[in-house]
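First comes the structure, then the notes that go with it.
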Amino acid sequence: MNEFDRDLPEGDDEFVSKTRMKKHMHALQELAVHLTTLNAEQLARIPLTPELAQALAETRNIKKNEALRRHHQFLGRLMRSADHEAIEAAVADLKIQQDRLARQFHLMENWRDRLITEGQETVASFIEAFPQTDRQQLNQLVRSAKGAVNSQQASTHARKLFRFIRGAMEQNQQA
């Protein structure tokens, strides 16, 4: 059995063109290269073979372009023997989680900006959206952020307001 037959399902006599096999191998290599961009915490959540995990760790030490290209090919070869469907699913789950966190972060930024620039209607709508919010503390943070808009401490007050918004949103999710 050669290396190309390994990727075909058992008992599958369907003809697979060389182009299709190459595309499949390139896709596995691209997935492996994407794995090199993940941090250790993210890699821990992906089902990797020990050889693949070791090779991914070695990637950080390679600086030369040609050596890196050859190592990427090696990673692609290791991906052939790994459970690449499970790896693809885990990477997709990571992407979904990152997208969700990015949307949540943008929502918090949007609330902060609206609270600073708009009036009391925004404060009321924030309290309506997040009923466990401490109204007095929110009003105080908004006033201090509005008062410091053109001063050197504007970013400090905006960060405090952002932290308060994040806490209110997390508290609302837990409730």
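What's the whole-number percent of alpha carbon pairs in the stretch 5-82 lying beyond 19 angstrom?
41
Sorted by packing (mean other beta-carbon atoms within 10 Å per residue), highest first, where do 128-138, 160-170 land?
Values: 128-138: 13.1, 160-170: 17.6.
My ranking of the peptides, most packed first, is 160-170, 128-138.
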Under Karplus coefficients 6.51, -1.76 and 1.60, residue-wise ³J(HN,Hα) of the stretch 83-99 in Hz, glycine/proline x: 7, 5, 5, 5, 5, 4, 5, 5, 5, 5, 4, 4, 5, 4, 5, 5, 5
Expected 222 nm ellipticity per residue - DSSP helices of 4 or more, -39500 (n - 2.57), all of the chain, to 500: -24500 deg cm²/dmol
Charge dipole (debye, nearest 20) of the chain; +1 at Cβ of Lys and Arg, -1 at Cβ of Asp and Glu: 1100
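Quick one: in the stretch 100-174, what % of C-alpha pairs are over 15 Å apart? Intermediate results must be reported in sequence, preceding the final value.
On the way: 1397 of 2775 pairs.
That tail contains 50 percent of the Cα-Cα pairs.
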Pair GLN104, GLN132: separation of 7 Å Cα→Cβ label points (nm): 1.3
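For ILE62 and LYS22, calculate 0.36 nm times their separation in residues minus their Cα-Cα distance, and state this gained length in nm to one decimal. It would help to have the intermediate numbers written out before the result.
Numbers: separation 40, 0.36 × 40 = 14.40 nm, distance 2.54 nm.
Between ILE62 and LYS22, full extension yields an extra 11.9 nm.
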Projected-area average for the stretch 66-139 over all orientations - Cα convex hull basis, square nanometres: 8.9
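On a full-extension model of 0.36 nm per residue, what is the gain between GLN153 and ARG70, subtracting their alpha-carbon distance, rounded to one decimal in nm?
Details: separation 83, 0.36 × 83 = 29.88 nm, distance 5.07 nm.
Result for the pair: 24.8 nm of gain on full extension.
Determine the gain in length on full extension of the stretch LYS160-GLU14; use 0.36 nm per residue of separation and subtract their C-alpha separation, reporting nm with one decimal. Don't skip to the end; give the middle numbers.
Working: separation 146, 0.36 × 146 = 52.56 nm, distance 6.23 nm.
Result for the pair: 46.3 nm of gain on full extension.
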Phi-based couplings in Hz for the stretch 25-39 (Karplus 6.51, -1.76, 1.60; Gly and Pro marked x): 5, 5, 5, 5, 5, 4, 5, 5, 5, 4, 4, 5, 8, 7, 7
Label-point separation in nm, ALA86 to ARG114, each point 7 Å along Cα→Cβ: 4.4
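Report the equivalent ellipsoid semi-axes for the chain in whole Å, largest first, defined as the square roots of five times the eigenvalues of the gyration tensor built from alpha carbon atoms.
On the way: eigenvalues 519, 72, 35 Å².
So the equivalent ellipsoid measures 51, 19, 13 Å along its semi-axes.
No value in this document is a laboratory result; all are computed from the given coordinates. Predicted model only: the values in this text are computed from it and were never measured. When we count neighbours, we look across all protein chains shown, and the Cβ atoms used for this are built from the backbone with ideal geometry, even at glycine.
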